[in-house]
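Below is one structure, written out as structure tokens; the observations come after it.
Nothing in this text is a laboratory measurement; each read-out follows from the coordinates by a stated rule. Since the structure is predicted, the reported quantities are computational estimates derived from the model, not experimental observations. Neighbour counts are summed over all protein chains in view; Cβ atoms, including those assigned to glycine, are modelled from backbone coordinates with ideal geometry.
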């Protein structure tokens, strides 16, 4: 019964970007609302995942296409969506680590596996708490008021004042070509700056740049030849998978390190510390292998083939 977050918008390249961003926001708010019941009933973690993707997509497009709406309204929407996203973080974290129970257990020798039971018991208790808290928020006045105001605002079809929203009246095709080229350039420049001692923070920032480019490609996808779009997204997927795995492993290590520093000493703490130490060692080795492969993968993306694909995609839009 979940409503998936995959975009299904057929855009008109000649229509104003204001009209089409409004359509995107109408779609993403409908996704959020459609997944509320699944979140409340705790049917599956995918409901919360799709809810969060809709928030991220909305925020990303609003920032990347700054100038479509009045700046005060844009700031209000971004602040409300940011707060909503923050409200989901703790519940998301609990879900993610509980889903890794089998994976984490398999990485340890049999003698250490039972030592993770307290860790997962605490996660289950945390999830119950965070789920209750978020459900109260979903049924409260703050969330209801924000969503009502958001839907009323994006239902307004009149173009804003060009002095405060200079992008609003521009044709969608022109905006698509300019913003995608700009986002691609940022990914390439950022990626080319990375060296053999690339820091965790640099790879994290590059991953964010890639996400922004992907959100633009997905939003404007209906303007492009389907075959070329699929090829471009495939080119991006390998790079994004590498960066995503790296960042994911880094976050897991930070989470486990924080647990290691707070393990209660009175209930088998030594065994649990040994188990978590073993996990940290394994995850560190995995992450460093991913880091080693980054430059090879980025070189494959930063190629003439990719450049030609993007040129084919954007030719004729602007």
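With a Cα-only, solvent-free Debye model of the chain, what are the log10 I(q)/I(0) values at q = 0.10, 0.12 Å⁻¹?
-0.69, -0.96
So what's the angle, to the nearest 10 degrees on a 0 to 90 scale, between helix 17-34 and the longest Cα principal axis of the chain?
30 degrees
Decide, for the stretch 170-318, between rounded, prolate and oblate: order the square roots of the alpha carbon gyration tensor eigenvalues as a ≥ b ≥ c, take rounded if a/c falls under 1.5, and otherwise choose prolate if a/b is larger than b/c, else oblate.
Because a/c hits 1.5 or more and a/b exceeds b/c, the stretch 170-318 counts as prolate.
Counting other C-beta atoms within 10 Å, which of 98, 62 has the fewest, and how do the rest follow?
Placing the least packed residue first, the sequence is 98, 62.
Summing -39500 (n - 2.57) over the DSSP H runs of n ≥ 4 in the chain and dividing by its residue number, what mean residue ellipticity at 222 nm do you reach, to the nearest 500 deg cm²/dmol?
Computed mean residue ellipticity for the chain: -25500 deg cm²/dmol.
How would the stretch 163-248 be classified by its alpha-carbon gyration tensor: rounded, prolate or oblate, with rounded meaning a/c under 1.5 and the a/b versus b/c comparison settling the rest?
Verdict is oblate for the stretch 163-248.
Nearest 10 degrees is fine. How inclined is helix 200-219 to the longest principal axis of the chain, computing both from alpha carbons?
In the chain, helix 200-219 runs at an angle near 40 degrees to the longest axis.
Give me the distance between the Cα centres of the stretch 137-159 and the stretch 209-253, rounded to whole Å.
30 Å
By the gyration tensor of its Cα atoms, with a ≥ b ≥ c the square roots of the eigenvalues, what is the shape of the stretch 125-169: rounded for a/c under 1.5, prolate for a/b over b/c, or oblate?
Judged from the Cα gyration tensor, the stretch 125-169 comes out prolate (a/c at least 1.5, a/b above b/c).
Rounding to the nearest 10 and keeping the result within 0 to 90°, find how far the Cα-based axis of helix 269-301 lies from the longest principal axis of the chain.
30 degrees
Taking the Cα centre of each part, how many Å lie between the stretch 274-314 and the stretch 75-90?
Cα centroid of the stretch 274-314 versus Cα centroid of the stretch 75-90: 29 Å apart.
Order these by the 10 Å Cβ neighbour count, fewest first: 130, 18.
130, 18
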